[in-house]
Amino acid sequence: PNAPVFLAERLLKEYLNENPSDKALSSTAKLLKANNYNFRPVLAKLLKSEEFFKDANKNSIVKGPVERLVTFLRATGIPYRFTSSEILNGFDGGRPTGLDNTGQMIGMPPTVFGWDNPDWLNGAWLLSFVYTVNRVLKQDSYFTTNSFSYLQLLPHPTATAQEVVNHWMAKLNVNLTPEQQGNV
């Protein structure tokens, strides 16, 4: 009898908000049950719903270090050359590859539910993430291929600073205040 609510909560925490409203939980549970636990129509309705697009639900789910790095690499289009085990567990000539200090070892989550425990959410993971991004941007041969040019990161070759800022705010789904944009 608790299955619809349990499954609805898991879905909403993954796609909507870490703390879904009772209304969203109830309606999703009913929808799951009505669709005989078929997730496809439930997700289709959720991803088109008003609740999904509410400001309170935008950017409300904290991305872990691995998800952040993959999002960054996909958004930038920077080619990389490492495997999922190297990204966290590997070393390059005794140097850590970057995300090894984040507490999210691929294939070794603390529970069967993954990293539900927010113990990894501390300053160390952010430093490791920044270190990794820095190595990617410096074209560290361990991370990137030689065929990459930073001109590929610009909206067009003669872009102004403001055009570059606007381009990356849109690509990375980040909103900067005018004051923050002025500091870039």
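Table: residues versus (1) under 26 Å from LYS58 (Cα atoms); (2) among the β-branched types (Val, Ile, Thr); (3) assigned to a loop (DSSP other than H, G, I, E, B); (4) modelled with pLDDT under 65.
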| residue | (1), (2), (3), (4) |
| --- | --- |
| LEU127 | yes, no, no, no |
| TYR131 | no, no, no, no |
| ASN134 | no, no, no, no |
| SER141 | no, no, yes, yes |
| ASN146 | no, no, yes, yes |
| PRO155 | yes, no, yes, no |
| VAL164 | yes, yes, no, no |
| MET169 | yes, no, no, no |
| ASN175 | yes, no, yes, no |
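Residues in segment 5-25 that are hydroxyl-bearing (Ser, Thr, Tyr) and assigned to a loop (DSSP other than H, G, I, E, B): how many? Before the answer, list the steps.
If we filter segment 5-25 for residues that are hydroxyl-bearing (Ser, Thr, Tyr), which is where we start, we get 15, 21.
Still in the list and also assigned to a loop (DSSP other than H, G, I, E, B): 21.
Of the residues in segment 5-25, 1 are hydroxyl-bearing (Ser, Thr, Tyr) and assigned to a loop (DSSP other than H, G, I, E, B).
Here the helices (runs of 4 or more DSSP H) wholly within segment 26-110 that include at least 1 residues being modelled with pLDDT under 75, closer than 23 Å to VAL174 by Cα and within 15 Å of the chain's Cα centre (by Cα) are 65-76.
The values are calculated or read from the model by the stated rules, or taken from the named source; none is laboratory data. Since we're looking at a predicted model, the values are computed, not measured.
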